[in-house]
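Asker: Once you've had a glance at the structure underneath, I'll fire off some questions.
The values are calculated or read from the model by the stated rules, or taken from the named source; none is laboratory data. Predicted model, so just to flag it, every value in this text is computed and none were measured. Cβ placement follows ideal geometry from the backbone for every residue including glycine, while neighbour counts extend to all protein chains displayed.
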Amino acid sequence: MGRNLNQIIATLPPERQERIDARYQELKQEVDGLRELRQIAGKAQADIATALNIKQPSVSKIEKQADMYLSTLRSYVEAIGGKLELVVKLPKHPAMRIRHLGDALGVSATTADVGSTTVETSVRRKAQSV
């Protein structure tokens, strides 16, 4: 009779078993899309629709979109009880979490966590001439 995957893994060296388990734990933390995320949160599309003050078919449409505004994604994530964080990974730099993407006053204030250091920058947008 054949062996199952756990039996095969059990025959591998301990270091290899640890790497396999580490990768398995990483993959468990990933989801395929907003629908799966909503299901994990235990919410129905109707719940999200009520929280966002939209109709249920609009929630379905959001879940199927491949491209959307960050504000739409943030609202959706907050409607399921979560918090959206944007992390930027640059080559040869630690991961940075962007806290603010800008405001309506024409000043973009961005705070990023870089390791244990917080970096803050302000950039004034060029005024448009009418």
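Asker: Restricting attention to the range 13-40, which residues are within 19 Å of residue 67 (Cβ to Cβ) and among the charged types (D, E, K, R)?
Answerer: Within the range 13-40, 32, 35, 36, 38 meet the criteria.
Asker: I would also like to ask the following. Filter the range 18-32 down to residues that are under 13 Å from the mean Cα position of the chain (by Cα) and exposed (fewer than 10 other Cβ atoms within 10 Å of the Cβ) and give me whichever is modelled with the highest pLDDT. Steps first, please.
Answerer: First pass over the range 18-32, keeping only residues under 13 Å from the mean Cα position of the chain (by Cα): 29-32.
Still in the list and also exposed (fewer than 10 other Cβ atoms within 10 Å of the Cβ): 29-30, 32.
Details: 29: 72, 30: 73, 32: 82.
The qualifying residue modelled with the highest pLDDT is 32.
Asker: Just to be sure, is residue 85 surrounded by fewer than 10 Cβ atoms within 10 Å (Cβ to Cβ) and modelled with pLDDT under 95? Please lay out each step first, then the result.
Answerer: Numbers: surrounded by fewer than 10 Cβ atoms within 10 Å (Cβ to Cβ): no; modelled with pLDDT under 95: yes.
For residue 85, the condition - surrounded by fewer than 10 Cβ atoms within 10 Å (Cβ to Cβ) and modelled with pLDDT under 95 - is not met.
Asker: Same structure again: Look at the range 5-15 and say how many of its residues are touching a helix residue (DSSP H, G or I) at 6+ places or on another chain (Cβ under 8 Å) and part of a helix (DSSP H, G or I).
Answerer: In the first step, residues of the range 5-15 are kept if they are touching a helix residue (DSSP H, G or I) at 6+ places or on another chain (Cβ under 8 Å); the result is 9-10, 12.
From what's left, part of a helix (DSSP H, G or I): 9-10.
Here the count works out to 2.
Asker: Modelled with pLDDT of 90 or more and in a loop (DSSP other than H, G, I, E, B): does that describe residue 2?
Answerer: Taking the combined requirement at face value, the residue does not satisfy it.
Asker: State the number of residues belonging to the range 72-94 that are in contact (Cβ under 8 Å) with a residue 40 or more places away in the chain, within 19 Å of residue 58 (Cα to Cα) and of a type outside the set (Ser, Thr, Tyr).
Answerer: As a first pass, look at the range 72-94 and keep what is in contact (Cβ under 8 Å) with a residue 40 or more places away in the chain: 76-77, 80-82.
From what is left, the residues that are within 19 Å of residue 58 (Cα to Cα) are 76-77, 80-81.
Of the ones still in play, those that are also of a type outside the set (Ser, Thr, Tyr) are 77, 80-81.
Here the count works out to 3.
Asker: Could you list all residues from the range 33-62 that are charged (D, E, K, R), surrounded by 15 or more Cβ atoms within 10 Å (Cβ to Cβ) and either farther than 17 Å from residue 84 by Cβ or not assigned by TED's automatic domain parsing to the domain that holds residue 78 (or both)? Reasoning before the result, please.
Answerer: Narrowing the range 33-62 to residues charged (D, E, K, R): 35-36, 38, 43, 47, 55, 61.
Pick out the ones that are also surrounded by 15 or more Cβ atoms within 10 Å (Cβ to Cβ) and you get 35, 38, 43, 47.
Within the range 33-62, just 47 meets the criteria.
Asker: Quick one: residue 119 ticks every box in (1) surrounded by 12 or more Cβ atoms within 10 Å (Cβ to Cβ); (2) modelled with pLDDT under 95; (3) touching an Asp or Glu at 6+ places or on another chain (Cβ under 9 Å) except a single one, so which number is it?
Answerer: Here residue 119 meets the rest and fails (1).
Asker: Moving to a separate point now. Is it the case that the range 33-44 has a residue that's part of a loop (DSSP other than H, G, I, E, B), under 18 Å from the mean Cα position of the chain (by Cα) and of a type outside the set (Gly, Ala, Ser)? Lay out the reasoning, then the answer.
Answerer: Initial filter on the range 33-44 (part of a loop (DSSP other than H, G, I, E, B)): 33, 41-44.
Next, only the ones that are under 18 Å from the mean Cα position of the chain (by Cα) stay: 33, 41-43.
Next, only the ones that are of a type outside the set (Gly, Ala, Ser) stay: 43.
Yes, because at least one residue in the range 33-44 is part of a loop (DSSP other than H, G, I, E, B), under 18 Å from the mean Cα position of the chain (by Cα) and of a type outside the set (Gly, Ala, Ser).
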